[in-house]
């Protein structure tokens, strides 16, 4: 089959060869992903093996633990791996969870507004604006956060009594959950709006018209038919935004406060002014320790958790979309 | 019920007595006034959030542009960063600007051919089916990997001694941080966007176009190269531009894989372009990070100036995407 | 001017005593001896809607010019004519769907039970005058939810499935679909066959308890068998709702319509009883059209 042509008559690039070449490239990229997963797990293993499930639990000060890990590298053999990441995990959950929920709510309404209710000229203007905002580098949002929002929260929103009330535990400077959630929301909402509104525009006009022709008003039609049919796009956009938020390292390193502290909702409303540090910024902040073996394992264990979280989100989105396709939504 | 009948009849009579001007005021246009309370509240939220979104967009854009124009001096674009105590002494960010262009070029040069190849394989070949499914999931998974994880992966790969020629090495220890390393990892960030865009383009070409080409004796490879890829040039370009946007906007990979420096650090002894590519450097995103109040430089005015330059680049890229779309719509495609 | 903002339940006029059927059967025309009329003469007819001097234009382009017609319950009215003659536009104006197009303008008046439709709040009007489209467009939900949709969105509280069941079942029965789908009401509607989908759309429209049913070429996307089923269904429905059907299929109009309006280039050329219009058209253009000279 392969060499049925003599070289003079056959094509200079036989299909068979091209297919193999492209296939090899595809296998290479698949292999690269597998290698990435393998490398991250292997590198992270010492940390997980030493800590066990306690890795995810609370206990002691994360900063002290990181210091101990760093110092132990100098001993050459007696590495310390003890690491209880709960404050970082809790901070990640609060910040990404809060931002994604807020952005989801806002983006749903904003995309419905753009697609269905905004006057034509405004919708035309908003479309490129949304895309522009979605492509602004996160570090620029971080810059605005750190120069404008953080001082504003520190100087105007947090009262002196509030600062005094927690003075022994943590200092409230404006680097806070509130700042992180706000800036992260502003960063991921345009991404969601852009994907949601594409989904809404792709809803079959016949479905919307059919609903209107039954005397169902526009709001209900948009909501029950439009948004409902666009659910797969909504899930896809939310998962993408969630992945971005979980993995956002540099911007959150700039404004979350970079203290491994677990804000406690039991403190009352003040907890939104408390600083914290999610998982990904912890890697960035300690990147210069990468060459010390115990620290390397610790940073990779954080990366493994991020990777797992992103993969889980993506898988959940996949399953949700498949379930929604049952009734034939686009 | 009775009352509503009588109002209806009354309305009917008044309507008959003075027929309203058709389609004008007086007609019951569908408005929210007749909707249930819940629907009206929803609509109000919708408008409120929509307008809030506009306000935030305008505020962010205006703020950045005003700050940028205020602080950007042409000299900053041509002078490299220098160590100094005040903002006037510490130079500009020319190295960062050039660095951004370098990683963008490297990243896209790597990602574009690979992305096109994968898309072509997925759409045109795709055998065995199991590999196609795996490949599809792989591309999707790569899109979901946090870039900080890619960066850490990069440190492992590029500090292996086999790849020592891509960065600086010293007494057998490979540094692993270079433009090559950052560019390669950034190409992975751009890859899924390119694959998705090119796939979309290839999928939109109807079957009969391929069959027409096979019918005149072209091979699949020739058809792809001469007919299909030229036909989806707009999607290729769109994917490339979107990928570029992601590459120049990424910070985590730069911070980890390009070395925490503000200047080029070429490798001595290597021939011209390679010495820089194997060396460390900086980009605009890294400069903004370092120059922000939380960074090592802490000179926010220059951070704004650099952010402004970055924004202009993003704007240009977006405009290019728009232009491509409008052009390709004007030219038209096959319609089934 | 008093606007009708009455919330549901929908006001209905008590029907006057039926007039005797107006149309006397005329002898079948020569060209239509092959097509069998599948219906008997109407039992009664009540005038429900009145189209009076209606002209519709889209952005300055006239689509319908000065059309006047009665629409009666107990009868099927067919609008026929070549494509682009404005029959669909006229049909869509009957429940103000034309207003969804921003540039559309309507002159003249359309009345439902002697009330100008522009005085009736559109969602209320569209529940009383529902429409079925050319392409079957069931929503991407289950069969049950499709029919229950309009009931749920009308009620002020979210109704339970149990309470909606009788209404949904009866709508499906009236559309002649119940026996085929009764065992799998939870199945996706989009998995039904084309003919079933279209009958589901009719059931969906009937669930709103309309007074007038508008059908826009409901069979053009269907095979002959499904067409037959739907035609029988339409004839059965005519006593409960006034039926207006747009069709470009002359045989179909002849088979099921009691009155026929022939439109050409936006004008109403001829209106009359089906047998009369097909058998002995008064106008030259009608004669040419029904004998297949153009269109």
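Among residues of the stretch A:200-228 that are more than 7 Å from chain C (Cβ to nearest Cβ) and more than 16 Å from residue C:147 (Cα to Cα), those with a Cβ under 6 angstrom from a residue that is at pLDDT 90 or above and in a loop (DSSP other than H, G, I, E, B), sequence gap 6+ or separate chain, pair up as A:200/A:230; A:203/A:230; A:226/A:203.
Each residue in the stretch B:13-40 was checked for being assigned to a helix (DSSP H, G or I), modelled with pLDDT of 50 or more and surrounded by 12 or more Cβ atoms within 10 Å (Cβ to Cβ), and 4 pass. When residues in the stretch C:106-132 are screened for being in a strand (DSSP E or B) and either more than 7 Å from every other protein chain (Cβ to nearest Cβ) or touching a helix residue (DSSP H, G or I) at 6+ places or on another chain (Cβ under 9 Å) (or both), 12 of them pass.
Restricting B:191, B:228, B:202 to residues that are within 10 Å of another protein chain (Cβ to nearest Cβ) and over 25 Å from residue B:94 (Cβ atoms) narrows the list to B:191.
Of the helices (runs of 4 or more DSSP H) lying entirely inside the stretch A:23-142, those carrying at least 1 residues that are within 30 Å of residue B:68 (Cα to Cα) are A:86-112, A:120-135.
Kindly indicate whether any position in the stretch B:86-97 is modelled with pLDDT of 75 or more, out of contact with any strand residue (DSSP E or B) (no Cβ under 8 Å at 6 or more places or on another chain), loosely packed, with under 12 Cβ neighbours inside 10 Å and under 23 Å from residue A:139 (Cα atoms). Within the stretch B:86-97, not a single residue is modelled with pLDDT of 75 or more, out of contact with any strand residue (DSSP E or B) (no Cβ under 8 Å at 6 or more places or on another chain), loosely packed, with under 12 Cβ neighbours inside 10 Å and under 23 Å from residue A:139 (Cα atoms). When the helices (runs of 4 or more DSSP H) confined to the stretch B:249-336 are screened for residues that are in contact (Cβ under 8 Å) with a residue 40 or more places away in the chain and within 12 Å of chain A (Cβ to nearest Cβ), those reaching at least 1 such residues are found at B:252-257, B:284-291, B:300-331. Looking only at the stretch C:183-234, residues that are more than 21 Å from residue C:141 (Cα to Cα) and within 10 Å of another protein chain (Cβ to nearest Cβ) come to 3 in all.
In the stretch A:72-88 there is no residue that is surrounded by 12 or more Cβ atoms within 10 Å (Cβ to Cβ), more than 9 Å from chain B (Cβ to nearest Cβ), out of contact with any helix residue (DSSP H, G or I) (no Cβ under 8 Å at 6 or more places or on another chain) and modelled with pLDDT under 95.
Of the residues screened, residue A:241 is one that is within 18 Å of the chain's Cα centre (by Cα), over 20 Å from residue A:33 (Cα atoms), crowded, with 24+ Cβ neighbours inside 10 Å and more than 8 Å from chain B (Cβ to nearest Cβ).
For (1) at pLDDT 90 or above; (2) in a helix (DSSP H, G or I), each residue gets a yes or a no:
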| position | (1), (2) |
| --- | --- |
| A:259 | no, no |
| A:271 | no, yes |
| A:281 | yes, yes |
| A:291 | no, no |
| A:297 | yes, yes |
| A:300 | yes, yes |
| A:310 | yes, yes |
| A:315 | yes, yes |
| A:325 | no, yes |
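For the stretch A:95-116, a residue qualifies if it is in contact (Cβ under 8 Å) with a residue 40 or more places away in the chain, over 16 Å from residue A:191 (Cβ atoms) and at the interface with chain B (Cβ under 9 Å from one of its Cβ atoms), and the qualifying residues are A:112, A:116.
Under the condition of being surrounded by fewer than 19 Cβ atoms within 10 Å (Cβ to Cβ) and closer than 18 Å to residue A:217 by Cβ, the residues counted in the stretch C:119-150 number 0. Criterion applied to B:106, B:49 was being within 26 Å of the chain's Cα centre (by Cα) and closer than 30 Å to residue A:147 by Cβ, and the one residue passing it is B:49. In this structure, does residue C:53 turn out to be in a strand (DSSP E or B) and either surrounded by fewer than 16 Cβ atoms within 10 Å (Cβ to Cβ) or away from chain B (no Cβ under 14 Å) (or both)? For residue C:53, the condition - in a strand (DSSP E or B) and either surrounded by fewer than 16 Cβ atoms within 10 Å (Cβ to Cβ) or away from chain B (no Cβ under 14 Å) (or both) - is met. The single condition among (1) buried (at least 23 other Cβ atoms within 10 Å of the Cβ); (2) farther than 30 Å from residue A:203 by Cβ that residue C:107 does not meet is (1).
Residues in the stretch A:260-271: is at least one under 23 Å from the mean Cα position of the chain (by Cα) and under 23 Å from residue B:290 (Cα atoms)? Within the stretch A:260-271 (the criterion being under 23 Å from the mean Cα position of the chain (by Cα) and under 23 Å from residue B:290 (Cα atoms)), the answer is yes, since at least one residue qualifies.
Does the stretch A:136-145 contain any residue that is surrounded by 18 or more Cβ atoms within 10 Å (Cβ to Cβ), within 24 Å of the chain's Cα centre (by Cα) and under 15 Å from residue A:271 (Cα atoms)? No.
Scanning the stretch A:128-166 for residues being over 21 Å from residue B:310 (Cα atoms) and facing another protein chain (nearest Cβ under 10 Å) gives a total of 2. So, residue C:170, is that one more than 8 Å from every other protein chain (Cβ to nearest Cβ), modelled with pLDDT of 90 or more and surrounded by fewer than 19 Cβ atoms within 10 Å (Cβ to Cβ) or not? So residue C:170 fits the description; yes. Is one or more of the residues making up the stretch B:113-131 touching a residue at least 24 places away in the same chain (Cβ under 8 Å), more than 8 Å from chain A (Cβ to nearest Cβ) and under 18 Å from the mean Cα position of the chain (by Cα)? Yes, the stretch B:113-131 contains at least one residue that is touching a residue at least 24 places away in the same chain (Cβ under 8 Å), more than 8 Å from chain A (Cβ to nearest Cβ) and under 18 Å from the mean Cα position of the chain (by Cα). Quick check: is even one residue across the stretch B:69-79 surrounded by 13 or more Cβ atoms within 10 Å (Cβ to Cβ), modelled with pLDDT of 85 or more and at the interface with another protein chain (Cβ under 9 Å from one of its Cβ atoms)? No.
Each residue in the stretch C:257-285 was checked for being part of a helix (DSSP H, G or I) and at pLDDT 90 or above, and 0 pass.
The values are calculated or read from the model by the stated rules, or taken from the named source; none is laboratory data. Only a predicted model underlies this, so the values are computations on that prediction, with no experimental measurement involved. Ideal geometry is used to build each Cβ from the backbone, glycine not excepted, and the neighbour counts take in all protein chains shown.
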